[in-house]
Amino acid sequence: MNIVFLGTQGSGKGTQARLLCEKFGFFYFESGAYLRKIAQDNQEVRDMLNQGIMVPDKEMTSYLTAYLDQEHLYDDIIFDGFPRNIDQYFFLKKWLFDKKVEINLCFVLTISENETIRRLSGRRIDPETGKIYNLVTEKIPESVDVNKLIQREDDKLVAIKKRLELYNTKTKVLISEIKKDTTVYEINGERTVDEVQQELVSIIEKFKNEQTSN
């Protein structure tokens, strides 16, 4: 089964998706991390990410399909951060259909705009390991030197607000479109990690049981 995760940045999509991958064995495709990897050798992509600008659909879909084709990955995938608009969704739907699979579930993690800004403003990255921490939502291990952690350009207020604007103008329309094809669950992301995870696991297990019984 394939799952799409949607929600504003900072809603906890990555944390929840990784936990589901550990439990069910899904492959986790996080578009932001993948684009940041590409940006290491691509100045144009790096500039767009730093400014909070969405990578054009043509380039994004090209990067996505090239990677998944290379890895022969078509099913049991959690898509985090893709698709972000209707054109990307139509592309992904057709591409999966050609592989004889589909999007089975869509989870939308919801948090308020103020909470988004609060969480993202506290996000920091270890420049040596690449591990991401959050000064607001988690306790940083004593072994980590907080003073060495850095804030990504796209986690600063101007970029955050630009990303929120993109989400409100494009992704909300996308959610309405996805509802025409598959079940969309809107999940309150302002609860504890465990509470959110329990709800997601329950939905997936119910879906799997229904598929088995059919």
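What follows draws every value from the coordinates through simple rules; no lab data is involved. Being a predicted model, the structure only gives us computed values, none of them experimental. In this analysis, Cβ positions are derived from the backbone assuming ideal geometry, glycine residues included, and neighbour counts consider all displayed protein chains.
What's the exposure ranking of 84, 118, going from fewest to most Cβ atoms within 10 Å?
Fewest to most other Cβ atoms nearby, the residues stand as 118, 84.
Contour minus end-to-end for residue 42 and residue 199, with contour as 0.36 nm per residue of separation and end-to-end as the Cα-Cα distance?
52.6 nm
What ranking, highest mean first, results for peptides 28-36, 137-145 when packing means the other Cβ atoms within 10 Å averaged over each residue? The partial results should precede the final answer.
On the way: 28-36: 17.7, 137-145: 10.2.
Ranking, from highest mean packing down: 28-36, 137-145.
Nearest 20 debye, what's the magnitude of the dipole of segment 2-213 about its Cα centre given +1 on Lys and Arg Cβ and -1 on Asp and Glu Cβ? Walk me through the intermediate numbers first.
Numbers: 31 positive and 35 negative charges, 79 e Å.
In debye, rounded to 20, segment 2-213 gives about 380.
In the chain, what % of DSSP beta bridges are antiparallel (nearest 5)?
Working: 4 of 23 bridges.
Roughly 15 percent of the beta bridges in the chain run antiparallel, per DSSP.
Just list whichever of 93/170; 139/206; 180/208; 139/172; 93/161; 13/94 have alpha carbons separated by over 26 Å in the model shown.
139/206; 139/172; 93/161
Give me 149, 49, 73 ranked fewest to most by other Cβ atoms within 10 Å of their Cβ, as a rough exposure proxy.
73, 149, 49
Kindly provide the helix-only [θ] at 222 nm of the chain, computed as the sum of -39,500 (n - 2.57) over DSSP H runs of four or more divided by all residues, to the nearest 500 deg cm²/dmol?
-15000 deg cm²/dmol
Evaluate the relative contact order of the chain (contact order divided by residue number), counting alpha-carbon pairs under 8 angstrom at least 6 apart; express in whole percent.
In percent, rounded to a whole number, it is 30.
Cut-off 10 angstrom, C-alpha nodes, Gaussian network model of the chain. Which of 198, 151, 88 fluctuates the most?
198
If you build a Gaussian network model of the chain, linking Cα atoms that sit under 10 Å apart, which residue out of 157, 120, 166 swings the most?
Per the Cα network of the chain with a 10 Å cutoff, 157 tops the list.
Relative contact order (percent) for segment 10-108, with alpha-carbon contacts under 8 angstrom and 6 or more residues of separation?
That works out to 31 percent.
Taking 0.36 nm per intervening residue step and subtracting the Cα-Cα distance, what contour gain separates residue 181 from residue 97 on full extension?
Additional length available on full extension: 29.0 nm.
May I ask you to give the average projected area over all directions of the convex hull of the Cα atoms of the chain, in nm² rounded to one decimal?
12.3
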